[in-house]
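Accompanying notes for the structure given below.
Nothing in this text is a laboratory measurement; each read-out follows from the coordinates by a stated rule. Keep in mind the model is a prediction, meaning the values are calculated, not measured. Neighbour counts run over all protein chains shown; Cβ positions are idealised from the backbone, glycine included.
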Amino acid sequence: MGEQQTWTIRSEQPGDAGGIDEMLRRAFDGDNAANLVRILREEGGYDPALSFVACESDDHGRIVGHVLFSPVAIVHGDAPSPAMALGPLGVMPDRQREGIGRALVNAGLDACRTRGLAIVLVLGDPGYYARFGFTPADEARIEAPHPGWGESYQVLELLPGALKETRGRARYPDPWADA
C-alpha cells in the first residue's frame with residue numbers, strides 16, 4: 001500500500017503571504033522568488049485565484065509548496081497576445097519528490113483552462129515540464145525575453161489553435177527583471 005498524501009492544494013487565501021514567502025526563500029535558498037511574488041502581489045500583478053499553495057493536512061496547515069500564474073504578453077507589431085507565465089514553482093526542500101509540484105502545476109493549468117486562457121510560458125527544466133505538454137517556445141515562434149534561455153524557455157497551448165497565429169517576443173512585467 002502506498003503512502004498517504006499529507007497535503008492539499010488550494011488557491012491562495014488572504015493571510016498566506018508570509019507562509020508563501022518563507023517557503024519560497026527556503027525552496028530557492030534566497031530572496032529572488034519571494035521578492036518577485038511579493039512585488040507582483042503588491043502591484044496587483046496577479047490574480048490570487050491563479051496562485052496555488054500546497055498545505056500540510058495537519059492542524060497547522062504549513063505551506064509546503066506554491067505556484068503562481070501571472071499575465072505576460074507576446075509582442076509582435078501593435079497587437080500583443082496575452083499569455084500566462086508559470087512561475088515561480090517551489091516546494092519545501094524536505095517535501096520534494098512527493099508529487100506536490102506536479103499537483104500545483106496541474107491545478108494552475110486547469111484553472112487557466114477554465115478561465116479560457118490560451119497560452120502558458122515557463123522557464124525551467126525541459127525534462128520536468130514536458131510531462132505537462134510544454135515544448136520549446138522557439139519552435140512556436142515565441143522568443144524568450146533573454147537570449148540565453150534557449151530550450152529551457154517553453155510554451156504550452158491550452159486552447160487548440162492558440163499558437164497558430166501567435167508569434168513574437170515574450171514581454172514580462174518589470175518585477176520579473178530581477179527574478
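Quick check on this structure: which one of 45, 65 is of a type outside the set (Phe, Trp, Tyr) and part of a loop (DSSP other than H, G, I, E, B)?
45
Give 47, 94 a once-over and let me know the one that is among the charged types (D, E, K, R) and more than 26 Å from residue 169 (Cα to Cα).
94
Give me the pairs: first residue in segment 104-119 and in contact (Cβ under 8 Å) with a residue 24 or more places away in the chain, second residue among the charged types (D, E, K, R) and surrounded by fewer than 19 Cβ atoms within 10 Å (Cβ to Cβ), beta-carbon distance under 8 Å, and six or more apart or on different chains, which are they?
Correct list of pairs: 118/157; 119/157.
Being in contact with a helix residue (DSSP H, G or I) (Cβ under 9 Å, 6 or more places away or on another chain) and either over 21 Å from residue 44 (Cβ atoms) or in contact (Cβ under 8 Å) with a residue 40 or more places away in the chain (or both) is the filter here; which residues of segment 75-85 pass it?
85
Which of the residues spanning segment 11-39 are assigned to a helix (DSSP H, G or I), closer than 14 Å to residue 92 by Cβ and in contact (Cβ under 8 Å) with a residue 12 or more places away in the chain?
Residues satisfying the conditions are 19, 20, 21, 22, 23, 24, 26, 27, 33, 34.
For segment 78-90, does any single residue satisfy the condition of being farther than 25 Å from residue 174 by Cα and crowded, with 16+ Cβ neighbours inside 10 Å?
No - not one qualifying residue is present in segment 78-90.
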